[in-house]
Amino acid sequence: MEKNKLYITDTILRDAHQSQAATRMRLEDMLPACEMLDNIGYWSLECWGGATFDTCMRFLNEDPWVRLRTLREAMPKTRLQMLLRGQNILGYKHYADDVVEEFVRKSIENGIDVIRIFDALNDVRNMETAMKSVKKMQLTHPSAICEAAISYTTSPVHNEEYFVTLAKKLEKMGADTIAVKDMANLLLPMEAYSLIKKLKQEISVPIHLHTHNTTGTGDMVNLMACQAGVDIVDCALSPLANGTSQPATESLVATLKGTDRDTGLDLGKLSDVAEHFRKVAQKLTKEGFLDPKVLSVDTNTLRYQVPGGMLSNLIKQLKEAKHEDLFYEVLAEIPRVRKDFGYPPLVTPTSQIVGTQAVLNVMSGERYKMVSNESKGLLAGQYGQLPGEINEEVRKKAIGDGEIITCRPADLIKPEMEKYRKESAEFAKSEEDVLSYAIFPQVAEKFIRERDKPKVTNEPRVLYVDDCSIN
Ligand code: CO
């Protein structure tokens, strides 16, 4: 890496449309821009993983592996990046180590360079197998990069020292780069400066910052992090930037032009490719996937420390239960539940677990009279170790004398690949199909069967001149 230069990852092909348009950008919307994107000079292009895998098969009738291979071919020069939820891969439960390893192997073989690995609880044991798998692949794919991410949150246990200690652990585990993943835009500009400064002192691998602009502080966070010496920053091209998405690429590039942190990116080239994505954004708006509401600054998150997505979920849940009047009571209950549960960062799936439990606590009139199965699992250690101390009284009430797991959850799972291979033998055509099935069984089976159906039409075959040509 060049000294001083700030490197940019563009999220236009993944987080930007996942955050603003329900992950509905199609491969056909990406391809016309690929050559331009490949010539910008980004550090990487985030284009796969996260929610794209599920959405491809469930809604877009696209094979996620074909999408990856096609993007790889269309952008031979730029690093392609994906987001992976550690032992959860791209799903919502813990998988056996052999499935994680195979998924990482196939992702890299099909064209991924950078794998950003994170765990909702920051339990590094849930990141270990994925990280080791990337390191192993570097023997045959030296361009592969193992990026370990810290899930940023605020709580009495989550201070700067906590994050620095965590980053040191991840560096020791072999991380090639360390990302600070601020999914809810809770990181404030001054704190970003201080945290990045500290990380740059204590860590020798590059630091990569990921924030959003939900609360309106994203550009300031990026700029302060830049001043503190951050190496790489995530941005999104302007047509799908800001609000719940990342701050705009062009704005940061222009801000740093001519300074010692100049990104070296060409505003003219960025504007050319932005023109294409403006049309894509218009199309997504017309289709109803992009609601301009996601662009407005949401300051409630700053007040309540509850991620924006969680607030809108909560309103929906209460509306369905015809109890919108309880909104502020539930809002006040969320931090209490989070404290009882040992301060998990609020990100999928913990945001849903804590939110739902807060609703149950308020609606039933007695705290923990009703406890969801997911809450029980979280308190029993099934998701990994919680960052802070758990309220033992609450745990007792929730799971009684039930078993508490203190080992790495995946240690209790036997190898699963063979089972998935057998189960999908009848329709899976490749190891990639088996992996799609392993992660989303029903969705993948339906998708693959449809994909491979012979396309028969009842229309009479038209005979063209060429069909009968005899020359
Ligand atoms: Co994000």
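A short reminder: the numbers here are calculations on the coordinates, not readings from a lab. Being a predicted model, the structure only gives us computed values, none of them experimental. No Cβ is skipped: glycine too gets one built from the backbone with ideal geometry, and neighbour counts run over all protein chains shown.
Distance between the pseudo-spin-label points of K397 and K3 (7 Å out from Cα toward the beta carbon): 5.9 nm.
Using a Förster distance of 25 Å, how high is the FRET efficiency between D98 and R69, based on the Cβ-Cβ distance and rounded to 0.05? Intermediate results must be reported in sequence, preceding the final value.
Working: r = 23 Å, r/R0 = 0.93.
Efficiency at R0 = 25 Å is approximately 0.60.
Once both labels are positioned 7 Å from their Cα atoms along Cα-to-Cβ, the gap between K455 and L31 label points is 1.2 nm.
Overall shape of region 354-447 was characterised from the C-alpha gyration tensor. The equivalent ellipsoid obtained from it has semi-axes of 36, 17, 10 Å, in decreasing order.
Would you please classify the overall shape of region 64-105 from the alpha carbon gyration tensor, given that a ≥ b ≥ c denote the square roots of the eigenvalues, rounded means a/c under 1.5, and beyond that prolate means a/b larger than b/c while oblate covers the rest? Don't jump to the answer; show the numbers that get you there.
Values: a/c = 2.63, a/b = 2.54, b/c = 1.03.
Verdict is prolate for region 64-105.
With the simple model of a label 7 Å out from the Cα in the direction of the Cβ, T259 to E329 spans 4.9 nm. Counted over the chain, the DSSP beta bridges are approximately 5% antiparallel.
Loop-located trypsin sites (Lys or Arg not before Pro) across region 153-228 with a Cβ neighbour count of 13 or fewer within 10 Å are lacking, with loop assigned by DSSP.
Of the trypsin sites (Lys or Arg not before Pro) found in region 247-295, those in coil by DSSP whose Cβ has at most 14 other Cβ atoms within 10 Å are K257. Helical content of the chain, expressed as a calculated mean residue ellipticity at 222 nm, amounts to -14000 deg cm²/dmol (DSSP H runs of 4 or more residues, -39,500 (n - 2.57) each, divided by residue number, nearest 500). Exposed loop positions in the chain were taken to be GluC sites (Glu not before Pro) whose DSSP state is not H, G, I, E or B and which have at most 13 other beta-carbon atoms within 10 angstrom. Between these positions, the longest stretch is 3-286.
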